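*Asks:* Provided herewith is a single structure, encoded as structure tokens, for subsequent inquiry.
Each reported figure results from applying straightforward, stated rules to the coordinates on display, with no laboratory input. Computed from a prediction, not measured in an experiment: that's the story for all the values here. Positions of Cβ are generated from backbone atoms using ideal geometry, with glycine treated the same way; all protein chains shown enter the neighbour counts.
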Amino acid sequence: MFDGLVQRLAAIVGPDHVTTAPGDLSNYQYDGSADSALPQVVVMPGSAEEVTAIVSACTAAGCPYVARGAGTGLSGGAVAEAGGAVIAMARLNRILEIDCANRLAIVEPGVVNAHISDAVRAHGLQFVPDPSSQAVCTIGGNLAENSGGLHCLAYGVTSHHVLGCEIVTPDGELVWLGGRAYDAPGYDLLGVFIGSEGTLGIATKVVVKLMPLQEDRRTLLAAFPTVEQASGAVSAIIASGIIPAALEMMDQLSTKAVEAYVNAGFPTDAGAVVIVELEGLRGTLEELVQDVQRICIAHGSREVRQARDEAERERIWLGRKSAFGAMGRLGSSYYVQDGVIPRTKLPEVVSEVAAIAERYGLLIANVFHAGDGNLHPLIVFDERTPGDYERTVAAGADILRACVRHGGSISGEHGIGIEKRDCMTLQFKAADLDLMARLRAAFNPRGLCNPGKLFPTSRRCGESARTVARGALAPEMVDAAGPAF
Ligand SMILES: Cc1cc2nc3c(=O)[nH]c(=O)nc-3n(C[C@H](O)[C@H](O)[C@H](O)COP(=O)(O)OP(=O)(O)OC[C@H]3O[C@@H](n4cnc5c(N)ncnc54)[C@H](O)[C@@H]3O)c2cc1C
């Protein structure tokens, strides 16, 4: 079927690192989104040179391929919708260099996000971007999605913490974008690559910045009667000139689910809670704590609690990080939406989300990276009820429409992938999309590198686009030259 491709891949990586066994392939059909598709082969390279040879072999065979990190992506990015090869990066998991003097590390793409900070903590350093999935997600996936995290408000997202990367281009060339120092001359191809969702090539080494651990930090939990009051406090904190390291919000449905799940100590009778984390030099935080407390109380908070010790802080963050998982307490399935709005629009958009929930008869819990105006409505549905999934997708699309109408964007951090490609037209004109397509073609002329992602199909935003089987891509979405099985 592959015209000898599987044998060629086995010759590159060794037979133990290639599989076509149905039981193995099924492990690679999903990411964290609702889409799934079976690849035809999974190959696990052990070096950048092997990735180069794999890409060249796939290209020669006209076989589509997609890089895969940990598969925690929430937009279908690592799903092999066109079939073909999944290139699983898990073996490329070495931290190659830690350079404390220059505050950088060079890592392979399969390194788990949290493992970088674990490796440099003893030097008083950290890798800042911290997606809630950081215990398992990889740097390759973070780079491809330009991932954010709980502490990205003050310090920036992945693109602000990457100096360079080595990639294998779809032409099978190994090239460096950026490097060990700031501001490489010429076009900012590193900036183009970061956030390109695996459609422009495969990263094989990443130079990440390391930042010093702060001397002191304080974590506050403020309870508010309503989401609107909590939103007002969020805007007022930033407007006062304070930039917390993290500024998160959860509504009552979320806090109730989390309490039932991990018992984080959230007040379940509050309409919303806000978590504020302040960091800085020892002796500088007390005044900021008082300012935040004053602002929260002025906006109706009835209780602002400061974590007394590290254990209490960790419990609060465990609660926030468990919010997605806790949805299992509310229903059999959930769908995470991800939109951004100017943070001052939070109250209006939250009211619209509530109206959308009512209109579609669905339960929607809300967690927010509130400081960034990044919403994560969690739509609870039952897979077994006919039409429930379709209503959920339609409700999600209405939320995105509200975000765009209020001057925001259809994705804050989870990417477009399969899930939101048909909603790109909400935000971009044909000319914008055409420019993006020409950029993709410059890197990926045959369209074999992660085909079908990011660009709209003939469906409308909000029409269920769930992929259930390999080969489901419309022919026009893969270059005429491939796939050729
Ligand atoms: C519970 C939960 C919480 C989450 N919290 C957050 C959060 O707070 N913030 C956030 O931003 N995201 C969050 N996510 C989403 C997800 O974890 C991130 O998008 C993450 O960066 C994906 O990493 P991964 O290794 O799992 O990548 P995958 O899911 O395996 O792949 C994601 C994309 O990256 C591409 N890719 C992977 N490796 C490479 C490579 N080496 N070169 C080129 N492309 C590559 C894939 O082709 C795919 O398009 C969360 C997900 C879950 C399940």
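*Asks:* Using Cβ contacts closer than 10 Å as the measure, can you line up Lys420, Lys321 from fewest to most?
*Replies:* With the fewest neighbours first, Lys420, Lys321 line up as Lys321, Lys420.
*Asks:* Among Leu190, Cys449, Gly4, which residue has its Cα positioned farthest towards the positive end of the charge dipole of the chain, with +1 placed on the Cβ of Lys and Arg, -1 on the Cβ of Asp and Glu, and the dipole taken about the Cα centre?
*Replies:* Cys449
*Asks:* Most exposed first by the Cβ proxy, i.e. fewest other Cβ within 10 Å, how do Asp309, Asp3 rank?
*Replies:* The order, fewest Cβ neighbours first, is Asp309, Asp3.
*Asks:* Lysine pairs, Cα distance under 30 Å, 8 or more residues apart or cross-chain: how many in the chain?
*Replies:* 17
*Asks:* With a 10 Å Cβ neighbour count serving as the proxy for reagent exposure, in which order, fewest first, do Glu173, Glu348 appear?
*Replies:* Glu173, Glu348
*Asks:* Between rounded, prolate and oblate, where does region 310-450 land on the alpha carbon gyration tensor, with a ≥ b ≥ c its root eigenvalues, rounded for a/c under 1.5, else prolate if a/b exceeds b/c?
*Replies:* Since a/c reaches 1.5 and a/b is larger than b/c, the shape of region 310-450 is classed as prolate.
*Asks:* Counting helices only, and only those DSSP H runs with n ≥ 4, report the 222 nm mean residue ellipticity of the chain as the sum of -39,500 (n - 2.57) divided by its residues, in deg cm²/dmol to the nearest 500.
*Replies:* -9500 deg cm²/dmol
*Asks:* Could you compute the net charge surrounding Gly462? Neighbours are other residues with a C-beta less than 11 Å from the C-beta of Gly462; K and R count +1, D and E count -1.
*Replies:* +1
*Asks:* Here is a further query. Let me know the charge dipole size of the chain about its Cα centre in debye, to the nearest 20, where only the beta-carbon of Lys, Arg (+1) and Asp, Glu (-1) is charged.
*Replies:* Rounded to the nearest 20 debye, it is 280 debye.
*Asks:* Need one word for region 129-209: rounded, prolate or oblate. Basis is the Cα gyration tensor (sqrt eigenvalues a ≥ b ≥ c); a/c below 1.5 gives rounded, then a/b vs b/c decides.
*Replies:* oblate
*Asks:* Per residue, what volume in Å³ does the Cα convex hull of the chain take up?
*Replies:* Convex hull of Cα atoms, per residue: 145 Å³.
*Asks:* For the chain, list the cysteines whose Cβ sits under 4.7 Å from no other cysteine Cβ?
*Replies:* Cys100, Cys137, Cys152, Cys165, Cys296, Cys403, Cys449
*Asks:* Okay, next question. Using a ≥ b ≥ c from the Cα gyration tensor of region 1-99 (square roots of the eigenvalues), is it rounded, prolate or oblate, where a/c under 1.5 gives rounded and otherwise the larger of a/b and b/c decides, a/b for prolate?
*Replies:* Verdict is oblate for region 1-99.
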